[in-house]
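K.L.:
Pasting a structure below so you can have a look.
FYI, it's all coordinate maths here, none of it is from the lab. It should be emphasised that the depicted structure is a prediction, and the values quoted were computed from it without experimental measurement. All Cβ positions, even for glycine, are placed from backbone atoms using ideal geometry, and neighbour counts span all protein chains on display.
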Amino acid sequence: MKVGLQIPSFTYPGDAPLSDQLARIVKTADESGFDTIAVMDHFWQIGNVGPVEEPMLEAYTTLGWIAAHTARARLLTLVTGVIYRQPGLLAKIITTLDVLSGGRAWLGIGAAWNEEESKGLGFPFPPLAERFEQLEEALQICHQMWAGDEKPYTGRHFTLERPLNSPQAITRPHPPIMIGGGGEKKTLRLVAQYGDACNLFPAAPDQLRHKLDVLRGHCEAVGRNYDDIQKTIYYIYDTSQGAQKIVDDLGGYAELGFSLAIGQVKGVHEITPLEQIGHDVIPVVQLI
């Protein structure tokens with residue numbers, strides 16, 4: 001089992017510049033053995049984290065900056081809303097991050113949900129069914145561009161006359177694609193057909209087993225090897241409850257088939273929780 005950090009908030013106490021505090025966080029996570037570092041892809045802060053007026057950095061600018069302050073952790077959004085960027089540009093963004101980070105980029109993507117921030121900044125927010133159509137086309141376009149296929153792409157929502165991608169990504173055959181969400185009819189089908197990883201929210205073990213069984217069924221339907229897809233789960237690391245509680249929780253997820261638990265670390269700005277996880281959790285769970 002691997003441990004990943006998601007940074008959902010850029011509101012930290014003290015007078016130190018945000019850039020200095022964020023640099024300290026990501027450097028510590030990287031040096032402590034965190035497998036991945038992720039940021040949200042939102043324009044505004046989301047309601048269950050804080051007021052919308054709280055600072056929210058643009059995701060891919062931030063990931064590029066994080067890449068320059070780390071050496072080994074994989075980098076991704078958890079996850080990009082498909083409506084936020086044209087797919088051809090998104091493929092270029094991920095490719096650029098992969099090239100400049102030495103092959104550490106992932107594409108985290110989903111159908112988007114935050115209508116308020118989208119309309120607030122002037123982005124169209126089509127109905128859910130249309131967003132899923134756009135998501136599937138975006139996945140097709142990314143696969144095509146990373147395969148070096150420059151023939152025109154014509155879909156219902158996107159048309160690319162020449163999907164040239166130069167330079168190509170370092171990671172071959174392409175940067176891993178994580179599709180976020182547990183929707184059984186559409187999202188998990190897209191994972192089976194186009195994804196390299198899924199990301200589910202915590203739930204009772206029986207519910208998680210059911211989700212993974214649904215994914216397995218979709219894999220069988222499209223001729224995909226279920227074991228080729230990495231199963232990841234969102235997890236909030238709270239070191240105040242003790243390292244053993246975290247180890248036990250992650251062990252339970254590992255028994256279900258998950259290999260990466262990625263989420264926020266409470267009190268991350270204090271740095272000590274990151275160090276504690278690196279010392280007391282990561283060496284133990286990496287053997288699971």
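K.L.:
What number do you get for the range 4-103 when its Cα radius of gyration is normalised by 2.2 N^0.38 Å, N = residues?
P.N.:
1.07
K.L.:
Report the extension gain between R156 and A16 in nm, rounded to one decimal, defined as 0.36 nm multiplied by the number of residues separating them, less their alpha carbon distance.
P.N.:
So the extension gain works out to 45.6 nm.
K.L.:
From a point 7 Å beyond the Cα of K185 in the direction of its Cβ, which residues of the range 208-224 have a backbone N at a distance under 20 Å?
P.N.:
210-222
K.L.:
While we're looking at this one, here's another question. Could you tell me the relative contact order of the range 63-221? Use alpha-carbon pairs under 8 Å, at least six residues apart, and round to a whole percent.
P.N.:
Contact order relative to length: 22 percent.
K.L.:
Which ³J(HN,Hα) values in Hz, rounded to whole numbers, follow from the phi angles of the range 180-196 under the Karplus curve 6.51 cos²θ - 1.76 cosθ + 1.60, where θ = phi - 60° and Gly and Pro get x?
P.N.:
For the range 180-196, the Karplus-derived couplings read x, x, x, x, 7, 8, 10, 4, 5, 5, 5, 4, 4, 7, 10, x, 10 Hz, x marking Gly and Pro.
K.L.:
Around A71, with a cut-off of 14 angstrom between Cβ atoms, what is the net charge of the other residues, counting Lys and Arg +1 and Asp and Glu -1?
P.N.:
Once positives and negatives cancel, what remains is +1.
K.L.:
Taking H as built 1.01 Å from N, whose amide H comes closer than 5 Å to the amide H of G181, not counting residues under 5 places away?
P.N.:
Residues meeting the amide H criterion: N199.
K.L.:
Label L128 and V222 with points 7 Å out from Cα along Cα→Cβ: what is the distance between them in nm?
P.N.:
Simple spin-label model gives 2.0 nm for this pair.
K.L.:
Stick to the Cα atoms of the range 95-199, pair each with every other, and give me the Kirkwood hydrodynamic radius in Å at one decimal.
P.N.:
In the range 95-199 this quantity evaluates to 14.9 Å.
K.L.:
Can you pull the Kirkwood radius for the chain, inverse mean 1/r over Cα pairs, to one decimal in Å?
P.N.:
Averaging 1/r across every pair of different Cα atoms and inverting gives 19.5 Å.
K.L.:
Still on this structure, please answer the following. Report, for the chain, the % of DSSP beta bridges that are antiparallel, rounded to 5.
P.N.:
5
K.L.:
Roughly how compact is the range 125-184, stated as its Cα Rg over 2.2 N^0.38 Å to two decimals?
P.N.:
1.25
K.L.:
Over all alpha-carbon pairs in the range 155-206, figure out the percentage whose distance exceeds 13 Å.
P.N.:
When every Cα pair of the range 155-206 is considered, 71 percent fall beyond 13 Å.
K.L.:
Hey, what did the range 2-285 get for relative contact order, percent, Cα under 8 Å, at least 6 apart?
P.N.:
Contact order relative to length: 19 percent.
K.L.:
While we're on this one: Take the alpha carbon gyration tensor of the range 17-162, find the square roots of its eigenvalues, order them as a ≥ b ≥ c, and report rounded if a/c is under 1.5; if not, report prolate when a/b exceeds b/c, else oblate.
P.N.:
Since a/c reaches 1.5 but b/c is at least a/b, the shape of the range 17-162 is classed as oblate.
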